[in-house]
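*Asks:* Next up is a structure, given as structure tokens.
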Amino acid sequence: MRPRVVKFLLAGRLPYGIGLQLQKTLADHHHKRLSEPANTLVVLEHEPVYTVGIRNKGYTEEDERKLRSLGADFWRTDRGGLITFHGPGQLVAYPVLDLKQFRTSVRWYVQQVERMVIRVCAELGIKAETSPDTGVWVGDRKICAIGIHGSRYVTTHGLALNCNTDLRWFDHIVPCGIEGKGVTSVSKELDMEVTVNDILPILKNAFSDEFECDLIEFPAGEASQLLRDIRRSVLQKV
């Protein structure tokens, strides 16, 4: 059987709006059959941003203003889940996959993402697990947020694993709307500095195994052109 192929795109540190448009563009490649293979795993860090999902619990303009005053951006999105924070030191992964090439089950997909993150944590010496609440947890502390969107079985959004994130950003919200629980990071759990780059090779191997695919590098020239075009497009809308 021909192995599934997923392109790996390391996009660096991007404002959230650029990352959102990047996902939309890659999802369009699936829907319009613009590239082969179109499956792509995007990994990046975001500039500080608070995002809310479709269950936004009525965040008001005043709430938005207060969060923006901290020096972060604020976005309302179409992903699942409630409010969370993205920022430097957090490994954000956006798998843009056509599940018809894997398994046409969103529940299966979310479970695979959870299994992948739990495996990454285990390889780092951290015992992580799922709970009735979304995401991946170490005890009652969330180490990885998960929120996805699916359109005709093409996935966008994904996961955010705290590596050496400044966790004080979470003090201003109820992360993912879950009262009485906290957040943690790989660095905090191991009591040592662990960066996104430290975790990247582990994540790539775990993704390849859990999704039974070959990861190939997104061609550098194409990636640079894609990001330039997206930046230009976003700036024109401002």
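The values are calculated or read from the model by the stated rules, or taken from the named source; none is laboratory data. Just so it is clear, the model here is predicted, and its values are computed rather than measured. Using ideal geometry, Cβ is built from the backbone for each residue, glycine included, and neighbour counts are taken over all protein chains shown. Ligands, DNA and RNA are stripped out before the accessible areas are found, and what is left, the full protein with its side chains, is counted by its heavy atoms. Shrake-Rupley method; radii C 1.70, N 1.55, O 1.52, S 1.80 Å.
*Asks:* Name, by its number, the condition in (1) assigned to a loop (DSSP other than H, G, I, E, B); (2) within 15 Å of Thr51 (Cβ to Cβ) that does not hold for Thr156.
*Replies:* Here Thr156 meets the rest and fails (1).
*Asks:* Of the numbered conditions (1) in contact with a strand residue (DSSP E or B) (Cβ under 6 Å, 6 or more places away or on another chain); (2) within 18 Å of Ile146 (Cβ to Cβ), Arg4 satisfies every one except a single condition; which is it?
*Replies:* All conditions are met except number (2).
*Asks:* Within the range 113-135, work out how many residues are surrounded by 20 or more Cβ atoms within 10 Å (Cβ to Cβ), touching a residue at least 24 places away in the same chain (Cβ under 8 Å) and either polar (S, T, N, Q) or not in a helix (DSSP H, G or I) (or both).
*Replies:* The total comes to 2.
*Asks:* Inside the range 115-171, can you point out the residues that are of a type in the set (S, T, N, Q) and in contact with an Asp or Glu (Cβ under 6 Å, 6 or more places away or on another chain)?
*Replies:* First, the residues of the range 115-171 that are of a type in the set (S, T, N, Q): 130-131, 134, 151, 155-156, 162, 164-165.
Passing the criteria: Thr130, Asn164.
*Asks:* What are the residue pairs meeting all of these: first residue in the range 77-104, first residue within 23 Å of Phe218 (Cβ to Cβ) and of a type in the set (Asp, Glu), second residue open to solvent by 20 Å² or more (accessible area, probe 1.4 Å) and in a loop (DSSP other than H, G, I, E, B), Cβ atoms under 9 Å, and 6 or more apart or on different chains?
*Replies:* What qualifies is Asp98/Arg152; Asp98/Tyr153.
Conditions tested, residue by residue: (1) open to solvent by less than 40 Å² (accessible area, probe 1.4 Å); (2) among the β-branched types (Val, Ile, Thr); (3) touching a helix residue (DSSP H, G or I) at 6+ places or on another chain (Cβ under 8 Å); (4) assigned to a loop (DSSP other than H, G, I, E, B).
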| position | (1), (2), (3), (4) |
| --- | --- |
| Ile54 | no, yes, no, yes |
| Tyr59 | no, no, no, yes |
| Gly71 | no, no, no, yes |
| Trp75 | no, no, yes, no |
| Gly81 | yes, no, yes, yes |
| Val92 | yes, yes, yes, no |
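*Asks:* Which ones in the range 136-152 are touching a strand residue (DSSP E or B) at 6+ places or on another chain (Cβ under 6 Å) and part of a loop (DSSP other than H, G, I, E, B)?
*Replies:* Listed by number, the list is empty, since nothing qualifies.
*Asks:* Suppose we filter the range 94-112 for residues that are crowded, with 18+ Cβ neighbours inside 10 Å and not in a helix (DSSP H, G or I); how many remain?
*Replies:* Result for the range 94-112: 6.
*Asks:* Under the condition of being in a helix (DSSP H, G or I) and among the β-branched types (Val, Ile, Thr), which residue from the range 225-238 is most open to solvent (accessible area, probe 1.4 Å)?
*Replies:* Of the residues in the range 225-238, the ones in a helix (DSSP H, G or I) are 225-237.
With among the β-branched types (Val, Ile, Thr) added as a condition, the list becomes 230, 234.
Working: Ile230: 6, Val234: 36 Å².
Out of the qualifying residues, it is Val234.
*Asks:* Here's something else I'd like to know. Among Glu193, Glu222, which is the only one that is free of Cβ contacts under 8 Å to residues at least 60 places away in the same chain and in a loop (DSSP other than H, G, I, E, B)?
*Replies:* On inspection, the qualifying residue turns out to be Glu193.
*Asks:* If you don't mind, another one. Here are some conditions: (1) open to solvent by less than 30 Å² (accessible area, probe 1.4 Å); (2) within 16 Å of the chain's Cα centre (by Cα). Arg13 meets all but one. Which one does it not meet?
*Replies:* (1)
*Asks:* Of everything in the range 180-211 that's of a type in the set (Asp, Glu) and under 18 Å from the mean Cα position of the chain (by Cα), which residue is surrounded by the most Cβ atoms within 10 Å (Cβ to Cβ)?
*Replies:* Here the residue is Glu210.
*Asks:* Restricting attention to the range 106-138, which residues are among the small types (Gly, Ala, Ser) and at pLDDT 95 or above?
*Replies:* Ala122, Gly125, Ala128
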